[in-house]
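The numbers here are math on the coordinates, done by the rules we state, and not lab data. All values reported here derive from a predicted model rather than from experimental measurement. Because the Cβ atoms are built from the backbone with ideal geometry, glycine has one as well, and the counts that use them run over all protein chains shown.
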Amino acid sequence: MASLKALKIRIGSVKSTQKITKAMKMVAAAKLRRAQEAAVQGRPYAERLEAVMASLASKVTVSESSPKLLAGTGKEQVHLLVVATSERGLAGAFNTNIVRAARRKAAELEAAGKTVRFYIAGKKGRVLRRFFPNGIAADHDMSAIKTVAFDDAQAIASDLIRRYEAGEFDIAHLFYAKFQSALVQEPVGQQIIPVAVPTSVETANDGGAAVTYEPDEESILADLLPRNVAVQIFRALLENAASEQGSRMTAMDNATRNAGDMINRLTIQYNRTRQAAITTELVEIISGAEAL
C-alpha cells in the first residue's frame, strides 16, 4: 500500500495535470471558433471550383496539346498520396484517422498492382515512415506555419505540380479531415491531380452546356488548373485546422474529467490510509496504557 506522502504527491501531480488539460481545452475552444469560420467560408469556393474543373475534364479531348493537369499523363501506375496532418499532438484521434485512411488507400492501390508514394505535409504524418520506409517521396516542412494562409497551400501546390510535370507520379490524392463538429472530423481522400472525371450522373447536372473560353483556352487553363490544386490544398489545410482544434478540445475535456475522477479515487484512498494509520496509533497507545 502506498504511503500517505506518496499519495499526497500523486494527488498534487494529477491536479497539476488537470490544470494543464483544462487550460489547453480553453485555448482550443477559443481557436476553434476562428478556424471553423475560416473552414466554412472556404468551402463554397473550393467546391464550386472543383465542380467546374470536373465539368471541364468530362469535356476535354485528350491530345498531345492537352494540359496534363486536366487530361492526365495517360498512365495510372504511380500514385502519390498527399497526407496533410498537424504539427502537434494531443488532438485525440485526429492525426491517426487521417493516416489510417491514407494507409487503407495505399493498401487498395498496392493490391491492384500500383506503385504508391507519400507526400507528407505535417509532422504527425511522419509515422508513415514506419510502414513505408522506402515510400516517402517528400516531407514538406510546415513547422513555421502559425495561421493557415493561401501562400502555404500555394507552396505545396507548386511543389506537387513541379513533381508531376517531371514525371514523378501519375495521380495525386489528398488526405485530410473534414470538420463536421467538435466531436466529428471525417477523414477525406480526394484526387487533385489530374482533375477527377465525374460520373455520368454528375455530368448530367450541367445540362450538357458547352464551354466558351475568353480570351482563349490555353491562357485560361494555364491559370485555372494550378489555382484549383492550390485551392483544394488550401481548403484541406483550413479543414484540418478546425478539425485539429475541435479534436483537441474534446480530448482535453475528456482528459480533465478523467483527472478529476482519478483525484477523487486517490483522495478516498488517501483518507482510508490516513484513517488506518490513526487507528493503528490509537491501538498502540491503548495497548501501552494497559500494559502499564
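DSSP finds beta bridges in segment 39-248, and of those with both partners inside it, around 35 percent are antiparallel.
Could you work out which residue, out of 113, 246, 92, moves most in a Gaussian network model of the chain, that is, has the largest mean-square fluctuation with Cα springs under 10 Å? Answer for the Gaussian network model of the chain: 113.
So which residue, out of 275, 185, 77, gets the largest mean-square fluctuation from a GNM of the chain using Cα contacts under 10 Å as springs? Between 275, 185, 77, it is 275 that shows the largest mean-square fluctuation. Between 242, 155, 84, the GNM of the chain built on Cα springs shorter than 10 angstrom shows 155 fluctuating the most.
Computed from the C-beta positions of residue 218 and residue 115 and an R0 of 30 Å, the FRET efficiency is 0.40 to the nearest 0.05.
Given only helices, namely DSSP H runs of n ≥ 4 each adding -39500 (n - 2.57), what is the per-residue ellipticity at 222 nm of the chain, to the nearest 500 deg cm²/dmol?
Numbers: 7 runs with 178 residues, N = 292.
Computed ellipticity for the chain at 222 nm equals -21500 deg cm²/dmol.
Simple rule: put +1 on each Lys or Arg Cβ and -1 on each Asp or Glu Cβ in the chain, find the dipole, and look at 91, 71, 155; the Cα lying farthest toward the positive end is 91.
From least to most packed, judged by other beta carbons within 10 angstrom and beginning with the fewest, 85, 250 follow the order 250, 85. For the chain, the longest principal axis of the C-alpha atoms and the axis of helix 150-165 are separated by about 60°.
Going by Cα centres, segment 230-261 and segment 23-44 are how many Å apart? Between the Cα centres of segment 230-261 and segment 23-44 lies a distance of 9 Å. Beyond 17 Å, the tail of the calculated P(r) for segment 33-113 holds 70 percent of the Cα pairs.
Starting from 0.36 nm per residue, how many nanometres of slack lie between residue 254 and residue 130 once their C-alpha separation is accounted for?
My answer for the length gained is 41.7 nm.
What percentage of all Cα-Cα pairs in segment 153-198 are separated by more than 17 Å? The partial results should precede the final answer.
Details: 471 of 1035 pairs.
Cα-Cα pairs of segment 153-198 separated by over 17 Å account for 46 percent.
Could you check how many percent of all C-alpha pairs in the chain are farther apart than 33 Å? Value for the chain: 41 percent of Cα pairs lie more than 33 Å apart.
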